[in-house]
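What follows draws every value from the coordinates through simple rules; no lab data is involved. Just so it is clear, the model here is predicted, and its values are computed rather than measured. Cβ coordinates were reconstructed from backbone atoms using ideal geometry, including for glycine residues, and neighbour counts include every protein chain displayed.
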Amino acid sequence: MIAIEGVGKTFQSRDGDAVEALRGVSLQIRRNEFVCLVGPSGCGKSTLLRLVGGLTLPSSGRVSIDGTTVAEPRSDTGFVFQAATLLPWATILDNVLFPARMMGVLTGAHVERARELLTMVGLAGFEGKHPRELSGGMQQRAGICRALVNDPDILLMDEPFGALDALTREELTLELMRIAAERPKTILFVTHSIPEAVLLADRVVVMSPRPGRIAEIIDIDLPRPRDFDMEARHEFQDATRRIRDLIFGSRARRAA
Amino acid sequence: MRGKSAALRHAREVFVPLATIAVLFAAWEAACRFFAIPAYLVPAPSAIWVDTGKLAGPVFHHTVATTVTVLLGFLASFVISLPLAILLTTSPTIAGVIYPLLVLTQSIPKVALAPILVVILGANELPRIVVTFLVAFFPLVLSVAAGLVAVPPELIELGRSCRASRWKEIWRIRLPYAVPFVFSGLKAAITLSVVGAVVAEFVNADRGLGYLIVTSTAFFQVPVAWGALIILSLMGIVLFQIVVIVERVFFPWSLSSDRPGAS
């Protein structure tokens, strides 16, 4: 469904130097597949996500969705950012409806759907509140609802739980898996957390930095539905160890 | 309990400044009497009160005239500054054209410009409003423009990811974000509007508190001039507070976006 073919991305830094963020990245993502991108800072995983989302264009190669080259943000793509990035002046309901309003497609059905989504993530009764009245976890839940309000086929998530505390993070991880099971979507998920990637993904794409490229793609053969108990399984252990080795090299494991 | 302490705090907020002013006036009165300062130099508050009170009717009409000029000048500042700031921030080319012109309008001494404006626009309300506008609008434009470009890149990115048009980006993201900046500009503009209106009245008017100050000092009615001065500062305070209240009532989120919720 999503085809990334030989994509490279070079940024012009402020002092005029060219910074190569991605080189020769190729990746095929199937419909309703959950793919996690992991790697150290500067490996270009967020850039890759932005390329798929049409927020930035590749310097070389091609990104396409169902055969159409991505040249700008598409209406069938939903974004969840690292911070909830809610509009502080708008109510939670208006924040969730924001994409529909921006695209000029807002209808009563969207309002109904927004309320449904908020109920699904446990935010029923908070529709009229403002973001500052919600905790960080609740804000990010609203951020996820916002990404889902247009019922997009593709969900792009850029370290969505990165700014949350560990407990909220686990809670939202479970919630995301439930949402993905209820309404299957193609999900591209950037994270720093290896266990999170393994638990969520069908495939984990491990990236390496300078220039950003794909080091290896690892299939995760854990059955669904998944939960945190699976962390004890040997498939889980093997996958996390393999990813860790790829990122840090085997030396780091011996030291640990 | 919270309500009581809030009420107490509120009372203190009102009481302390009022008490300060009362003490100041008392000291002023005492000094005038003790040192026997002649009223044509510095009149005592009581003399100001009595002499201005004798002219209560005309003073009221002068006050209304000045208020009208201030409000119309302020309104013009608001209506013109907002689109101007949007223009300034949307295109570097337009900014390059407008910025030097803006700076030019600010480098012209308004007092010197006022008589010329009377020649051009006639001896009526219009040149007074234009002078008031010219004095008041500049900080407003700058602060609205600053607000429009201060939007965090994440919010702009959010707009782009939602395929927001340029116009919707301004209307739904940049302008709401700029509201606190708009209000800090408005607070400066309302204060400057009073200054501008008085400057305009010095040069060209047959009524208004500025005109009253000029005529009463010319006829050695110094206490009346002081009375006009006090009314002008009261007007400035009241108008400023109205702006503050409008912000508090209609844009409560703009005051402190990081304050924990009231619930």
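Details
- Approximate shape of region B:45-254 as ellipsoid semi-axes (Cα gyration tensor, √5λ), whole Å, largest first: 39, 20, 11
- Between region B:36-59 and region A:88-131, the alpha-carbon center distance in angstrom: 62
- Taking the Cα atoms of the protein assembly as shown, the ratio Rg/Rh between the radius of gyration and the Kirkwood radius comes to 1.14.
- Dividing the summed helix terms, -39500 (n - 2.57) for each DSSP H run of n ≥ 4, by the number of residues in chain A produces a 222 nm estimate of -11000 deg cm²/dmol to the nearest 500.
- HN-Hα J in Hz across region B:125-131 - Karplus 6.51, -1.76, 1.60, θ = phi - 60°, x for Gly and Pro: 5, 4, x, 5, 5, 5, 4
- Anchor residue A:129: lysines whose Cα lies under 28 Å away (excluding residues fewer than 8 positions away in-chain): B:4, B:168
- Alpha-carbon centroids, region B:107-153 and region B:171-204: separation in whole Å: 10
- Where chymotrypsin sites (Phe, Trp or Tyr not before Pro) in DSSP loops with at most 13 other Cβ within 10 Å are excluded, longest remaining stretch of chain B: B:41-218
- Between the Cα long axis of helix B:209-218 and the first principal axis of chain B there is an angle of about 30°, rounded to the nearest 10.
- Farthest toward positive dipole pole in chain B [+1 Lys/Arg, -1 Asp/Glu at C-beta], among B:190, B:170, B:225: B:170
- Spatial separation of Cα centroids for region A:169-239 and region A:1-75, in angstrom: 19
- Under 5 Å from the amide H of residue A:54 lies no amide H of any residue 5 or more positions distant or on a separate chain, with H modelled from the backbone and absent for Pro and chain starts.
- Other residues whose C-beta falls under 15 angstrom from the C-beta of residue A:212 contribute a net charge of +3, scoring Lys and Arg +1 and Asp and Glu -1.
- Within straight-line cross-link reach of residue B:110, lysines at Cα separation under 28 Å, skipping those fewer than 8 residues along the same chain: B:187
- D (Stokes-Einstein, µm²/s), Kirkwood Cα radius, region A:86-150, 0.890 mPa s at 25 °C: 218
- Cut-off under 5 Å, modelled amide H: who pairs with residue A:207 long-range: A:38, A:39, A:215
- Measuring r between the beta carbons of residue B:11 and residue A:103 and using R0 = 35 Å, the FRET efficiency lands at 0.10.
- Principal axis dimensions, chain A - Cα atoms, whole angstrom, descending: 53, 45, 35
- Within the listed set A:162, A:125, A:137, the residue fluctuating most in the Gaussian network model of chain A (springs between alpha-carbon atoms under 10 angstrom) is A:125.
- Placed amide H near residue A:157: partners under 5 Å, 5+ positions off or other chain: A:80, A:188, A:189, A:190
- Under Karplus coefficients 6.51, -1.76 and 1.60, residue-wise ³J(HN,Hα) of region B:69-80 in Hz, glycine/proline x: 4, 4, 5, 5, x, 5, 4, 4, 4, 5, 5, 8
- Karplus-derived HN-Hα couplings along region B:87-94 (A = 6.51, B = -1.76, C = 1.60, θ = phi - 60°), whole Hz, x at Gly and Pro: 4, 4, 8, 7, 9, x, 5, 4
- Remark on region A:34-109: hydrodynamic radius 14.7 angstrom, per the Kirkwood mean of 1/r across alpha carbon pairs.
- Per residue, chain B reaches -27500 deg cm²/dmol at 222 nm when only DSSP H runs of four or more residues are counted, each adding -39500 (n - 2.57).
- In this Cβ point-charge picture (+1 for Lys and Arg, -1 for Asp and Glu), the protein assembly as shown has a dipole of about 420 debye about its Cα centre.
- Total formal charge among the other residues, if their Cβ is under 11 angstrom from that of residue A:98, Lys/Arg +1 and Asp/Glu -1: +3
- Loop sites in region A:1-73: trypsin sites (Lys or Arg not before Pro), DSSP, at most 10 other Cβ within 10 Å: A:14
- Antiparallel %, DSSP beta bridges [both residues in chain A], to 5: 50
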